[in-house]
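Engineer: My questions all concern the structure below.
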Amino acid sequence: MKFVTFYDPNGNMRAGYLENNIVIDLNLASDWNLPNSILELIKHQQKYLPIVQTLVSDKDVPSYKLEEIRLAPPLPNPTSFRDFVAFETHVKNATKRNGDTVAPEWYEMPIFYFSNPHSMKGHGEDVKRPAKCVRLDYELELACVIGKEGSNIKASEAEDYIFGYTILNDWSARDLQMKEMKVLLGPAKGKDFATSIGPYILTKDELDSYKVGNVFDLEMTASVNGEVLSKGNFKDIFYSFGDMIERASEEVTLYPGDIIGSGTVGFGCLMELGTDVHPWLEPGDEVELKITGLGSLKNKII
């Protein structure tokens, strides 16, 4: 299943189900038996998903063509947002450019930081470059959405706690980020102005055919103004989402609607590629991320 949040032709934010470029308004189509919130649907999925299944087979439910609506972030109000650094190639490239080597601790545990859950952007939405930033970057990532409350979750059991997956672009103001991280905290202001997710949340069962062990064989690309700059595959990740969830849930509770980002795939950002490959992003640039099975996430810089 593909779930979206969208603005209807009257500008009202609605929760929807996407199939074959048709968006079903879940609340209206179910005679108000389904919530008008993807977060509420995730929280009570055992109650609501069977109702969604009945709508899918009904051809006369209220719906829109994709071109009639405007997509919002599929989960506009995540309960929290943790972003990991789980690809070894990315870590090696980033530390090398800073004249460092990978910290031994990185190989001992998955590392994450908290980012801003209130600055989510959806497919097609503009992203404003921070006023003090001249080194704006994209980051090509996959994210999972937690679907069940739990703490001290073992990696082997983590699949039960995942609702679905979505593309994630962890926009990064590199000049702000590098300055603040000299104080050995952060990133914070270098990241919290915007994060793009979408275009939809794909339920976890839809990726079963791509499974290779405890990861997925998913091609990942990033383009700027139509030119492919970054290519990678999710199967090259060092830590699985199970590993990340085990770490994140240690001694704390994860809740339905929490977002967990994978971190950037190797060579999945301009910082790794170098400005000789492409300069930092400027207003007017259009960035498109693609991941097998998860569609395309496109945003324009303003």
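The values are calculated or read from the model by the stated rules, or taken from the named source; none is laboratory data. Values in this document were obtained by computation on a predicted structure and should not be read as measured data. So basically every Cβ, Gly included, is an ideal-geometry build from the backbone, and we count neighbours across all protein chains shown. For the accessible areas, the whole protein counts, side chains as well, though only heavy atoms, and no ligand, DNA or RNA atoms are used. Shrake-Rupley method; radii C 1.70, N 1.55, O 1.52, S 1.80 Å.
Engineer: Return the only residue of Val61, Val52, Val4 being hydrophobic (A, V, I, L, M, F, W, C), farther than 30 Å from Glu250 by Cα and assigned to a strand (DSSP E or B).
Structural biologist: Going through Val61, Val52, Val4 in turn, just one is hydrophobic (A, V, I, L, M, F, W, C), farther than 30 Å from Glu250 by Cα and assigned to a strand (DSSP E or B): Val4.
Engineer: A further question follows. Could you please give the count of residues in region 19-49 that are open to solvent by less than 60 Å² (accessible area, probe 1.4 Å), part of a loop (DSSP other than H, G, I, E, B) and more than 17 Å from Ile201 (Cβ to Cβ)?
Structural biologist: Final tally of qualifying residues: 1.
Engineer: Would you call Thr101 among the β-branched types (Val, Ile, Thr), open to solvent by 80 Å² or more (accessible area, probe 1.4 Å), over 21 Å from the mean Cα position of the chain (by Cα) and more than 30 Å from Gly268 (Cβ to Cβ)?
Structural biologist: no
Engineer: Another question about this same structure. Please specify each residue of region 228-248 satisfying the condition of being among the hydroxyl-bearing types (Ser, Thr, Tyr) and surrounded by fewer than 21 Cβ atoms within 10 Å (Cβ to Cβ).
Structural biologist: If the condition is that a residue be among the hydroxyl-bearing types (Ser, Thr, Tyr) and surrounded by fewer than 21 Cβ atoms within 10 Å (Cβ to Cβ), then Ser240 is the only one that fits.
Engineer: To continue, here is another question. Residue by residue through region 267-297, note down the ones that are open to solvent by 50 Å² or more (accessible area, probe 1.4 Å), more than 19 Å from Arg129 (Cβ to Cβ) and not in a strand (DSSP E or B).
Structural biologist: At the first step, the residues of region 267-297 found to be open to solvent by 50 Å² or more (accessible area, probe 1.4 Å) are 267, 275-277, 279-280, 282-283, 286, 290.
Checking which are more than 19 Å from Arg129 (Cβ to Cβ) leaves us with 267, 276-277, 290.
Of everything in region 267-297, those that are open to solvent by 50 Å² or more (accessible area, probe 1.4 Å), more than 19 Å from Arg129 (Cβ to Cβ) and not in a strand (DSSP E or B) turn out to be Phe267, Asp276, Val277.
Engineer: Let me ask you something else. Restricting attention to region 159-207, report how many residues are free of Cβ contacts under 8 Å to residues at least 40 places away in the same chain and either in a strand (DSSP E or B) or open to solvent by less than 10 Å² (accessible area, probe 1.4 Å) (or both).
Structural biologist: Selection size over region 159-207: 1.
Engineer: Pull up region 189-247, narrow it to residues that are in contact with a His (Cβ under 9 Å, 6 or more places away or on another chain) and hydroxyl-bearing (Ser, Thr, Tyr), then point me to the one that is nearest to Tyr161 (Cα to Cα).
Structural biologist: Tyr200
Engineer: Based on this model, can you work out whether Leu66 counts as out of contact with any Leu (no Cβ under 7 Å at 6 or more places or on another chain) and modelled with pLDDT of 95 or more? Before you say what the answer is, go through the steps one by one.
Structural biologist: Numbers: out of contact with any Leu (no Cβ under 7 Å at 6 or more places or on another chain): yes; modelled with pLDDT of 95 or more: yes.
It is true that Leu66 is out of contact with any Leu (no Cβ under 7 Å at 6 or more places or on another chain) and modelled with pLDDT of 95 or more.
Engineer: Ala72 versus (1) in contact (Cβ under 8 Å) with a residue 12 or more places away in the chain; (2) open to solvent by 60 Å² or more (accessible area, probe 1.4 Å); (3) small (Gly, Ala, Ser): which is the lone unmet condition?
Structural biologist: Failed condition: (2).
Engineer: Here's a follow-up. Phe112 is checked against (1) loosely packed, with under 13 Cβ neighbours inside 10 Å; (2) under 19 Å from Thr264 (Cα atoms) and fails just one. What number does that condition carry?
Structural biologist: (1)
Engineer: All but one of (1) in contact with a Phe, Trp or Tyr (Cβ under 6 Å, 6 or more places away or on another chain); (2) within 28 Å of Ser37 (Cα to Cα) hold for Glu141; which doesn't?
Structural biologist: (1)
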